[in-house]
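Enquirer: The structure under discussion is supplied below as structure tokens; questions concerning it will follow.
Read-outs throughout are calculated quantities, based only on the coordinates presented, and are distinct from any laboratory measurement. None of these values were measured; they are calculated from a predicted model. Reconstructed Cβ throughout: ideal geometry from the backbone, glycine too, with neighbour counts over all protein chains shown.
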Amino acid sequence: MNIIAKRSASWVGGCVWYLERRALQESPRRFLHLLRNVNQQWVTFQHFNFLRHMYVTQLNRSFNQQIKPKPEPVPSPFLEKASLDEAKTEIYKMRPLSPASLSLSRKPNEKESIELEPTPVIEGSIAVGTETKEEKQWKEMKLRVDDLPGILARLSKIKLTALVVSTTSAGFALAPAPFDWPCFLLTFVGTGLASCAANSINQFFEVPFDSNMNRTKNRPLVRGQISPLLAVSFAACCAVPGVALLTWGVNPLTGALGLFNIFLYTCCYTPLKRISIANTWVGAVVGAIPPLMGWTAATGSLDAGAFLLGGILYSWQFPHFNALSWGLREDYSRGGYCMMSVTHPDLCRRVALRHCLALVAMSAAAPALDVTTWTFPVIALPINLYISYLGFRFYRDADRKSSRKLFFCSLWHLPLFLLLMLTCKRPAAQGDAGGPQS
Amino acid sequence: MAALRPRRRALLRLCRAFSSGGCQLAPERGGERRDAAPSRVSRFCPPRKSCHDWIGPPDKYSNLRPVHFYIPENESPLEQKLRELRQETQDWNQQFWANQNLTFLKEKEKFIDSRLKAKGLELRAESGQKATLNAEEMADFYKQFLSKNFQKHMYYNRNVSEAGCSVTTASPDQ
């Protein structure tokens, strides 16, 4: 008897140890929180409950007894009106109770509050294991300083910002002025900060929409990794120094362009996305302004070369974005976004092709405007013809394959195009001192 | 007119309350409530010692992550008002999106069914797999859905912007 008792005890102890280890691996924070609790009695009860839940899930896993997954939210095509009405009445019944249950949850006796919360009938019987799994997915909304750099990088869309800053740098480098490193660095940093600010504000405005699209559902605000106040504060802390740096460190024209671009992106493009397909053209202007800023930073003025560069970036946006949006039509439709790919598919493909051809034309205009030598349109011809070919295929085939090919081509086409422009930059004429810097 | 100091204190408390939670926007009173959208009431209760909000997994219907708001012991009326506003907003958003997504799925099924019938095909192939239409065939549906629901989306967008303003400018005097 003693041996049996000892063996049972050691078996139980082993189980507890195993469960504790699993708990620690899978939800260390929650587990440590339990351990740190001062009230020993409460810890013991909670600890036991927690382990009991773990035991149930482990048992189910080890015996391959998968808890029947909750039914998909897709109702059967022939959903009866009756069940919908039932759902309606459930909602109305639940509503008056929810404030009460909220205040009840403050009481120390959690069990009581759980019992008093109404269980919707439509959910059916919820297995304990599923409930625990759902509970484990709840995260405390506490800012973790270690994660902050990664969170802010995602909030500011750092990769997109890097691309924006590189187009600004290209504008600066292509401008007919001696390359001034301090000015370049100020422009670089200022534009980067302005872009971070604009992207953060955009994410702040679009949380419910981002939650509903696959491409954007893991953004920091959607996941609650950062509070909205902190996101907006971060945006302000980027926008103010960024614009100030551009205005007083570089020149007022560049600062004004930066500020205008933030406004255009956050207050025009973002709301327009859900109102009209014109948003794509506005967005293309937003993309065209950074190289303009680079040019004005170097020369202090907007001239034909600046507008050519802006025009190149403007045209590039169309094959890039229209091709991307072709694969996102379902998400756009469900999210209420007005995009050409959904509402005017023929126009979408026509515009993409049109602007691929415009890129060819603008390559030829570059030497005519003294931005580059005549070598440039010649050596850029192969890549320009290739993207135009892909644009034509997209126009003709109108399928996912051709849209993806065009999109991925646009990703390498732009940097290569700008690089070729740089290598063929028109050398400065003798006695050309370059424009005023500020 | 309230004195400056209490206003500042109230504003700081407001900021603290706003900072610890999710970005939720208040509804217009008597808005979309009549829409029947299954809304799961989560049985989650945070640990007693926690003094932060908790955010859950995405809701199956709305894809929005519910926030369980922390209620401090010494919550002021203003903080309570803000919290209730945020809770209402969250519920409103939840209902809208759950309804939106369910409607979308239902109408998509209807559309697929009608197109397959028009083609003379069965809903399920011989292998038992559900027959689907390709992306180009579905494009008609996406366009239809978007234009049909345009007014509804406009209404939502307007309210969401107004709500954003009311949450951020919740007056300390009331």
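Enquirer: Which values of log₁₀ I(q)/I(0), to two decimal places, follow from the Debye formula for region A:287-367 at q = 0.14, 0.23, 0.27 Å⁻¹ with a uniform point scatterer at every Cα?
Expert: Debye output, listed in q order: -0.57, -0.97, -1.15.
Enquirer: While we're looking at this one, here's another question. What are the ³J(HN,Hα) couplings of region A:335-343, residue after residue, when phi is run through the Karplus curve with 6.51, -1.76, 1.60 and θ = phi - 60°? Round to Hz, x for glycine and proline.
Expert: Calculated HN-Hα couplings, in order: x, x, 8, 8, 10, 4, 4, 8, 8 Hz.
Enquirer: On to the next question. Given the Cα atoms of region B:54-163, and with Rh set as the inverse mean 1/r over their pairs in the Kirkwood sense, what is Rg to Rh to two decimals? Mind dumping the intermediate values first?
Expert: Values: Rg = 20.2 Å, Rh = 17.2 Å.
Computed over Cα atoms, the ratio is 1.17.
Enquirer: Taking only Cα atoms of region A:321-438, what ratio of Rg to Rh do you get with Rh as the Kirkwood inverse-distance radius?
Expert: Computed over Cα atoms, the ratio is 1.12.
Enquirer: Using the Cα centre as the reference, give the magnitude of the dipole from point charges on the C-beta atoms of region B:54-163 (Lys, Arg: +1; Asp, Glu: -1; all else neutral), rounded to the nearest 20 debye.
Expert: Numbers: 17 positive and 16 negative charges, 99 e Å.
In debye, rounded to 20, region B:54-163 gives about 480.
Enquirer: Additional query: What value in Å³ per residue do you get for the convex hull of the alpha-carbon atoms in region A:303-342?
Expert: Details: hull volume 2.5 nm³, N = 40.
Output value, Cα hull per residue: 62 Å³.
Enquirer: Among B:G120, B:A135, B:L105, whose Cα lies farthest out toward the positive end of the dipole of region B:54-163, if unit charges sit on the beta carbon of Lys, Arg (+1) and Asp, Glu (-1)?
Expert: B:G120
Enquirer: When the convex hull of the C-alpha atoms of region A:204-260 is computed, what volume per residue in Å³ does it have? Kindly include the intermediate steps, with their values, before the conclusion.
Expert: Numbers: hull volume 5.2 nm³, N = 57.
Taking only Cα atoms, region A:204-260 has a hull volume of 90 Å³ per residue.
Enquirer: Which of the three applies to region B:40-93, rounded, prolate or oblate, going by the alpha-carbon gyration tensor with a ≥ b ≥ c and a/c under 1.5 meaning rounded? Can you show the working numbers first?
Expert: Numbers: a/c = 2.99, a/b = 1.38, b/c = 2.17.
The shape class here is oblate.
Enquirer: Give me the one-decimal nm value for the distance between modelled label points at A:R404 and A:D346, 7 Å along each residue's Cα-to-Cβ direction.
Expert: A separation of 2.8 nm, rounded to one decimal place.
Enquirer: Which far-off residues, 5 or more places away or on another chain, put their amide H under 5 Å from the one on A:R426, with H placed in the peptide plane?
Expert: A:T372, A:T373
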